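The values are calculated or read from the model by the stated rules, or taken from the named source; none is laboratory data. Remember, predicted model here, so these are calculated numbers, not experimental data. Every residue, glycine as well, gets a Cβ built from its backbone with ideal geometry; the counts of neighbours run over all protein chains shown. What goes into the accessible areas is simple: the full protein's heavy atoms, side chains included, and nothing from ligands, DNA or RNA. Shrake-Rupley method; radii C 1.70, N 1.55, O 1.52, S 1.80 Å.
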Amino acid sequence: MCGIVGYIGYREAYPIVIKGLKRLEYRGYDSAGIMLFDGKELGISKTKGKVSDLEEKSKALASSKATIGMGHTRWATHGVPNDINSHPHVSNSGNLVIIHNGIIENYEPLKKELIKRGYTFTSDTDTEVLVNLIEDVKKKDNLKIGKAVQIALNQVVGAYAICVFDKEKPDEIVVARLGSPLAIGVGKDEFFVASDASPFIEYTSNAIYLEDEEMAIVRLNKPLKIRKIKDDSLVDPYVQELQMNLEQIEKGGYDHFMLKEIYEQPNVIKDTYRGRLLANEGIIKMAGVEDNIEKFLHAQRILIIACGTSWHAGLVAEYIFEEFTRIPVEVEYASEFRYRNPIIHQDDVVIAISQSGETADTLAAIKLAKEKGAFVFGVCNVVGSSISRETNAGAYTHAGPEIGVASTKAFTTQITVLTMIALRLAKAKGTLSNSDFHRYLQELEVIPEKVQEALETNDKAKEIAEKFKDASNCLYLGRGYNFPVALEGALKLKEISYIHAEGYPAAEMKHGPIALIDEQMPVVVIAPKQGHYDKVVSNIQEIKSRSGKIIAVVTKGDIQVKDLADHIIEIPETSDALSPLITTIPLQLLSYHIAVMRGCNVDQPRNLAKSVTVE
Ligand code: M6R
């Protein structure tokens, strides 16, 4: 839940580390810090706040010629965000420096033991305990830093991606991972270390992703050796060619990543189905599904596990799978699933959905499902992520890096992948008629054009945002396939604008939420022509009779709702099952504009981080 970056080579480290931290800021942004070593002195600067605050505070370091450096951007777990708790942390001797993403769960007994042995602590963090534990191990047996790190890590319980620097070994950085991602960029005469590859994308396209329980000593002019932390055995480094490019991780002229990512949807949905959906031939092929088709076809039940927006995509998939394949589906919050001794049968298929592929609750739920014998299929965006490796098989969404904390393109590409899986299974099972199957393929193929058209609602969304930006509450209603879209619309609004919002099945409104409706209450109703249109119209009438302010998302040319609603947003027509891919677009735009107008930090909303790698 933090971002780490390290550099060792021949270039000046300061700009590389600072730029890298800015790219990793989506992982946490309540404090930041940097360490440089110029061959003589350690230069350390850290501060509460963002990387820009760190830059302001570190002006003295900016001209450093140091060619070794490390930096950290934090999302606080142990200890409030302040200067002292920020990373890097330094050991008592002043020789060892650490940056850490993760949690050391047994830090309290370790700390007590170290205090008995004379160590002192200035911060409230688990990380300061770890660096002193390493120092203690190193001193006790007069070990080299690599060995000391290894022995210390065998004593800790928890999760980590760490970089450790020892002043006595200034040509190396020791790195290790368990449960938090860590990539090593391999350049000519230089190495980069980071939580993902974005900090080094312009320097090298060769990367090694450490696996859990692996460590490496990144040493100048020496080949990289990777070892298992537990038994010291050597592992062959697998160097991957990166698929990411610089343009993908920059704002490209947009004011915010979120807006850029909303506008990328037509293209990334195409990327998602490219080579997999052959509409004219009537074929859907996805390697991960084909290789395991028997498992899917014999599934008595599909269990979907995910968190947040990915959970909403799972809810949409529940409607689609049941309708297309007639396989019963249950959708679970990964955080609940993992702690409730769930009943899992051998012939259940579990689908885990995650943009980042690093969400701790989803990862733990996958492990549990596997232990109970289930086959687990992953739908992930980040290639090589923990979840993509932990699952038995999977399909990537190919949405490209999603940097805005509010998920947008991840949602629509997840739905695209899940729809393709459902269609593939429906064809094999014969649960959809041939003509329906072909119709859906054709419709899915033109979804990117319809999303493009839906993006033209931007001005309208902005105009409506102006009217409702000062609201304190907002209700989102939808039925059937668009009930999860109502939940997603509400989540988008609350997480970036801090307006309290709730999503409800439209018919459920009369069982409680209707009491909230008065002339102050904006109610966003998703009412496309297909689906339960007439029923939704009745719900709109109920809101109107109670003076609620109705903002309706309707199919182009709609007359009935237009007469009732205060504001309408018109979107192109598509079938009910595919409509979430379209109806969600104006809701993303509406939240975006409201948040901007309220002066909120759209890409980095308070208290949040892009990937939640803690429970
Ligand atoms: O990376 P994941 O898809 O596993 O993340 C799950 C949630 O943390 C994520 O969707 C979160 O709810 C977003 N901030 C929503 O916009």
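A few remarks follow.
- Global form of the range 478-533, assessed from the alpha-carbon gyration tensor, a/c cut-off 1.5: oblate
- The long axis of helix 107-116 is offset from the longest Cα principal axis of the chain by roughly 20 degrees.
- The chain - percent of accessible surface contributed by carbon and sulfur, probe 1.4 Å: 48 percent
- Normalised by residue count, the range 320-396 yields a Cα convex hull volume of 89 Å³ per residue.
- Between the residues Leu234, Phe257, Ala287, the greatest Cα displacement towards the positive end of the dipole of the chain, with unit charges on the Cβ of Lys, Arg, Asp and Glu, is found for Leu234.
- Lys, Arg +1 and Asp, Glu -1 on Cβ, resulting dipole of the range 353-466 about Cα centre, debye, nearest 20: 660 debye
- Radius, Kirkwood style, for the range 47-163 when every pair of distinct Cα atoms is counted (Å): 15.0 Å
- For the chain, alpha-carbon Rg relative to the globular expectation (2.2 N^0.38 Å, N residues): 1.01
- Heavy-atom accessible surface of His500, to the nearest 10 Å², is about 90 Å², with a 1.4 Å probe and all protein chains retained.
- Ratio of the Cα radius of gyration of the range 251-445 to 2.2 N^0.38 Å, where N counts its residues: 0.99
- With the simple spin-label model, which puts each label point 7 Å out from Cα in the Cβ direction, the Glu113 to Arg598 separation comes to 4.7 nm.
- Charges were assigned to the Cβ only: +1 to each Lys and Arg, -1 to each Asp and Glu. The resulting dipole of the chain about its Cα centre is roughly 980 debye.
- Diffusion coefficient of the range 3-242 by Stokes-Einstein, Kirkwood radius over Cα pairs, 10 °C, 1.306 mPa s: 91 µm²/s.
- Sorted peptide list for 197-204, 80-87, criterion being average Cβ within 10 angstrom, highest first: 197-204, 80-87
- Between the range 447-504 and the range 548-612, the C-alpha centres lie 3 angstrom from each other.
- In plain terms, the bigger the Kirkwood radius, the slower the diffusion; for the range 229-296, with that radius from Cα pairs, at 4 °C and 1.567 mPa s, Stokes-Einstein puts D at 79 µm²/s.
- To the nearest ten degrees, helix 409-429 and the longest principal axis of the Cα atoms of the chain are 60 degrees apart.
- Helix-only mean residue ellipticity at 222 nm for the chain, each DSSP H run of n ≥ 4 adding -39500 (n - 2.57), per residue, nearest 500: -11000 deg cm²/dmol
- FRET efficiency for the Asn154 to Lys556 pair, using the beta carbon distance and R₀ = 45 Å, is estimated at 0.10.
- Over all projection directions, the Cα-based convex hull of the range 455-603 averages an area of 7.5 nm².
- 1.4 Å probe accessible area per residue over the chain, in Å²: 38 Å²
- The residue among Phe165, Gly6, Val186 whose Cα reaches farthest toward the positive pole of the charge dipole of the range 3-242, with charges on the beta-carbon of Lys, Arg, Asp and Glu, is Phe165.
- Rounded to 10°, Cα long-axis angle of helix 458-468 versus longest principal axis of the chain: 90 degrees
- Summarising the strand pairing of the chain, around 60 percent of its internal DSSP beta bridges are antiparallel.
- Each of the peptides 453-460, 575-582 was scored by the mean count of other Cβ atoms within 10 Å over its residues; in descending order, highest first, they stand as 575-582, 453-460.
- Protection proxy ranking for 316-327, 540-551, using the average of other Cβ atoms within 10 Å per residue and placing the highest first: 316-327, 540-551.
- Calculated SAXS-style log₁₀ I(q)/I(0) at q = 0.12 Å⁻¹ - the range 176-278, Debye, Cα scatterers: -0.55
- Listed residues Gln155, Gly357, Ser388: farthest to the positive end of the dipole of the chain (Cβ charges): Gln155
- The range 540-610 shape via C-alpha gyration tensor axes, a/c threshold 1.5: oblate
- Gain on full stretching of the segment that runs from Lys140 to Lys535 - 0.36 nm per residue minus C-alpha separation: 134.8 nm
- Net dipole in debye of the range 18-143 [+1 Lys, Arg Cβ; -1 Asp, Glu Cβ; about Cα centre; nearest 20]: 280 debye
- Normalising the average separation of contacting C-alpha pairs (under 8 angstrom, six or more residues apart) by the number of residues puts the relative contact order of the chain at 11 percent.
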